[in-house]
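The values are calculated or read from the model by the stated rules, or taken from the named source; none is laboratory data. Everything numeric in this text was worked out from a predicted model, so none of it was measured. Virtual Cβ from ideal backbone geometry, glycine too; neighbours counted across all protein chains shown.
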Amino acid sequence: MEYANDKDFYPAPFPSSGLQTFDLQRISLAKLLNGDPQEGKRVFNIGSNDGFFYLDLTTHAKGLQILELAHKMHHIGKGVMENTPLEEKRTFPIRPAYVGLLDTGYKALCIDKDGNPDRLEMFNISQAGLFAGNEDYKLPPWLASHETIFRTMIRESNNIHNTILAILEPQLQIPTGSLTSLHRLTSPSGAWLRVLHYPATADGKPLPNPPTPPHKDAVSLAMLFAWQGGLQITPANNPNIADHEEEDPKDWYWVAPQPGCALINFGDAMSVLTNNVIKAGKHRVCSPPGEQCKYSRISVLTSARPAETTMMRPFKSPVIPQPAGNDDALTALQWGMEKVRKTLANVQRGNEKAAAEQIAKEKEAAARPQLLVASA
Ligand SMILES: [Fe+2]
């Protein structure tokens, strides 16, 4: 595979020992596209349990195409993140705070003392912005020349997301098209293509707190392309612990990126639509492990989200338990806004707290020699 040994992608190896890792199942895209019933069952079982799997893209030309696009996205992401001044990046606005949906625009979670993005920065390209035609959507000059690649990446990702969703329909005993019709490329939905940049720390050591604290995604499906480690999952997925709360440290497992594979996870929208028959995978993102920590990390993420007008209530099906009580379902837009706002506030709070602690530590360290001199 082209790029397989490129230092930009793999600046250091994922540690081969000493880490608690989780060996996710590997699903073949070719088998899914060919309607292999056993592979379909495996996807359903994964959705009923851990909620994460490797999708082997090398098995089909469609997979190789999206892999190539993901590599291009990595190059674009690295280039613009490293070379575009912060003020210029900020000309690509996110939605107003009351909307909350982080489906478009540039965001830096923290700025360091020298005025540079710290811990995590990202840009989002709105699927609806490029395909729904319901808004005057324009990319900023620093991204506009890449619009064709963004469009192709979003379109091909949407095909893969819908391939997976279509496989679940008969197993959930819901009519054909029940899920895929909610995830059309051209429907306003809040779906996005995202590039994340985790700058390396100044001292090359891992951050004490994960830049992305524990959460479940406010999407139906997410497809992650990552080359360095960082993602951790908790297979225990303890239902008694809130989405944003830490699990027991021993329950967090590293997920090693596999060349040629994307990482797929089910999001919370699927757990609502199936009343938890399909479970969202809880995860967090830490500094990369081992030697990889010395290098900045870029990852590329695509999402499938239900169309904005979808009522977020479980499908009627003999295999989906029906909730008791009043039907006070939100639309996917209302549900998504609320969920993203909460997650984002939690991520922001965690990062600001960690950044403040870091500054306090540095100040303390800087003051120490002077105190010694003063007392000498
Ligand atoms: Fe996530």
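Tell me, which residue of the stretch 1-52 that is among the basic types (Lys, Arg) and closer than 29 Å to residue 215 by Cβ is surrounded by the most Cβ atoms within 10 Å (Cβ to Cβ)?
42
Which residues, counting only those in the stretch 147-167, are over 21 Å from the mean Cα position of the chain (by Cα) and surrounded by 18 or more Cβ atoms within 10 Å (Cβ to Cβ)?
So in the stretch 147-167, the residues over 21 Å from the mean Cα position of the chain (by Cα) come out as 148, 166-167.
Residues satisfying the conditions are 166, 167.
Kindly list the number of the only condition in (1) modelled with pLDDT under 75; (2) among the small types (Gly, Ala, Ser); (3) within 13 Å of the ligand (Cβ to nearest atom) that fails for residue 218.
Of everything listed in (1) modelled with pLDDT under 75; (2) among the small types (Gly, Ala, Ser); (3) within 13 Å of the ligand (Cβ to nearest atom), residue 218 misses just condition (1).
Could you tell me whether residue 92 is more than 16 Å from the chain's Cα centre (by Cα), among the aromatic types (Phe, Trp, Tyr) and more than 17 Å from residue 333 (Cβ to Cβ)?
Yes; evaluated as a whole, the condition is true for this residue.
Could you check residue 203 against (1) away from the ligand (no atom under 16 Å from the Cβ); (2) among the acidic types (Asp, Glu); (3) touching a residue at least 60 places away in the same chain (Cβ under 8 Å) and say which number it fails?
Failing condition for residue 203: (3).
Which numbered condition trips up residue 323, out of (1) surrounded by 17 or more Cβ atoms within 10 Å (Cβ to Cβ); (2) assigned to a loop (DSSP other than H, G, I, E, B)?
The single condition residue 323 does not satisfy is (1).
Quick one: which of 188, 211 is within 16 Å of the ligand (Cβ to nearest atom) and not aliphatic (A, V, I, L, M)?
Answer to the check: 211.
Criterion first (out of contact with any Asp or Glu (no Cβ under 8 Å at 6 or more places or on another chain), within 16 Å of the ligand (Cβ to nearest atom) and at pLDDT 95 or above) does residue 172 satisfy it?
Answer is no for this residue.
Which numbered condition in (1) surrounded by 19 or more Cβ atoms within 10 Å (Cβ to Cβ); (2) in contact with a helix residue (DSSP H, G or I) (Cβ under 7 Å, 6 or more places away or on another chain) is the only one that residue 81 fails?
Here residue 81 meets the rest and fails (2).
In contact with a Ser or Thr (Cβ under 7 Å, 6 or more places away or on another chain), within 16 Å of the ligand (Cβ to nearest atom) and not aromatic (Phe, Trp, Tyr) - does that describe any residue in the stretch 314-335?
no
Of the residues that sit in the stretch 263-312 and are closer than 26 Å to residue 23 by Cβ and among the acidic types (Asp, Glu), which one is nearest to the ligand (Cβ to nearest atom)?
So the residue we want is 268.
Within the stretch 268-291, how many residues are of a type outside the set (A, V, I, L, M, F, W, C) and under 26 Å from residue 14 (Cα atoms)? Break it down into steps so the answer makes sense when it comes.
Within the stretch 268-291, the subset of a type outside the set (A, V, I, L, M, F, W, C) is 268, 271, 274-276, 279, 281-284, 287-291.
If we keep only those that are under 26 Å from residue 14 (Cα atoms) as well, we get 281-284, 287-291.
Number satisfying all stated conditions: 9.
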